[in-house]
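Participant: Sending over a structure as structure tokens; questions will come in a sec.
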Ligand SMILES: C[S@@+](CC[C@H](N)C(=O)[O-])C[C@H]1O[C@@H](n2cnc3c(N)ncnc32)[C@H](O)[C@@H]1O
């Protein structure tokens, strides 16, 4: 009970810290670099951010980071990113934005080492009255919020893309619009081709 209450009270910065404590080795962060201040004890962080304005906002954070950070003007589909070269991939509020989540999750699988992990923190499809609000706003929301889709079922998408979710927490984001307040955070590992075939 106490941990459920504690979880409900956590804000986004605390959630980022909690998630990023699980990062290790060589890390790929998709989009934005908002997590840069939270990395500790990793070898290196590579941020891929296609948007120039967002990259500029990163400079101070990179300069103040505790770890080595590289920022690349590209997306995760860039062939310069070598297959199986990352121990950790971090996606926070990105799977709602990418044009094709299945393709993005497949590209992440390609970049992760076999024992690597995807760390995610995302707003997702809601239930109850918030689902009704999402249905109403879904057609227009992406036009006003940088292509953000309010009602993606990212947990289902992660599983469908061949990952095993080993750690999952569902919660309500505080101090945000109800339409984007249903959220999840967790850890997923890519299943091997043999595991996927046997499933
Ligand atoms: C809603 S913002 C989230 C920013 C940040 N990750 C955070 O936690 O606040 C979505 C970000 O995803 C980036 N993005 C969209 N498609 C991408 C892709 N294919 N590869 C990398 N980043 C991408 C956008 O440029 C933007 O910075």
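Participant: For segment 1-93, what relative contact order do you get, as a whole percent, if you take Cα pairs closer than 8 Å and at least 6 residues apart?
Facilitator: Averaging sequence separation for qualifying contacts and normalising by length gives 32 percent for segment 1-93.
Participant: Starting from the Cα of residue 146, move 7 Å in the Cα-to-Cβ direction to define the label point; list residues of segment 22-43 whose amide nitrogen is under 13 Å from there.
Facilitator: 30-35
Participant: What base-10 log of the normalised intensity I(q)/I(0) is obtained for segment 153-196 from the Debye formula, alpha carbons as equal point scatterers, at q = 0.23, 0.28 Å⁻¹?
Facilitator: Evaluating at q = 0.23, 0.28 Å⁻¹ gives log10 I(q)/I(0) of -0.79, -0.97.
Participant: Can I get the semi-axes of segment 99-155's equivalent ellipsoid? Compute them from the C-alpha gyration tensor as square roots of 5 times the eigenvalues, in angstrom, largest first.
Facilitator: Computed over segment 99-155, the values are 27, 14, 8 Å.
Participant: Okay, next question. Counting pairs of alpha carbon atoms under 8 Å apart in space and at least six apart in sequence, what relative contact order in percent does segment 73-199 give?
Facilitator: RCO, segment 73-199: 28 percent.
Participant: Further question on the same structure: Within 10 Å, count the other beta carbons around each residue, average over each peptide in 165-176, 107-118, and list them highest first.
Facilitator: Put in order of decreasing packing, that is 107-118, 165-176.
Participant: Given 10 Å bins starting at zero, what is the percent of C-alpha pairs of the chain in each, up to the one with the largest pair distance?
Facilitator: Computed distribution, short to long bins: 9, 35, 38, 17, 1.
Participant: Sorting check: for 41-50, 83-92, 70-79, 138-147, which peptide has the highest mean count of neighbouring beta carbons within 10 Å, and how do the rest follow?
Facilitator: Ranking the peptides 41-50, 83-92, 70-79, 138-147 by packing returns 83-92, 41-50, 70-79, 138-147.
Participant: Assuming 0.36 nm per residue, please report the length gained on full extension of the stretch residue 77 to residue 56 beyond their Cα-Cα distance.
Facilitator: 5.4 nm
Participant: So, in nm, how far is label residue 85 from label residue 63 when the simple model puts each one 7 Å beyond its Cα toward the Cβ?
Facilitator: Distance between label points: 2.8 nm.
Participant: Decide, for segment 44-87, between rounded, prolate and oblate: order the square roots of the alpha carbon gyration tensor eigenvalues as a ≥ b ≥ c, take rounded if a/c falls under 1.5, and otherwise choose prolate if a/b is larger than b/c, else oblate.
Facilitator: oblate
Participant: Given R₀ = 41 Å, FRET efficiency for residue 195-residue 171 by Cβ-Cβ distance, to 0.05?
Facilitator: The pair residue 195/residue 171 has a calculated efficiency of 0.90.
Participant: Same structure, new question: May I ask you to derive the FRET efficiency for residue 70 and residue 21 from their Cβ-Cβ distance with R0 = 25 Å, giving the value to the nearest 0.05?
Facilitator: The pair residue 70/residue 21 has a calculated efficiency of 0.70.
Participant: Considering the alpha-carbon set of segment 1-97 alone, what are its Rg and its Dmax in angstrom?
Facilitator: 14.2, 47
Every number here is computed from the coordinates shown, using simple stated rules; none is lab data. Just so it is clear, the structure is predicted and the values come from calculations on it, not from any experiment. Don't worry about glycine lacking a Cβ; one is built from the backbone with ideal geometry, like all the others, and counts go over all protein chains shown.
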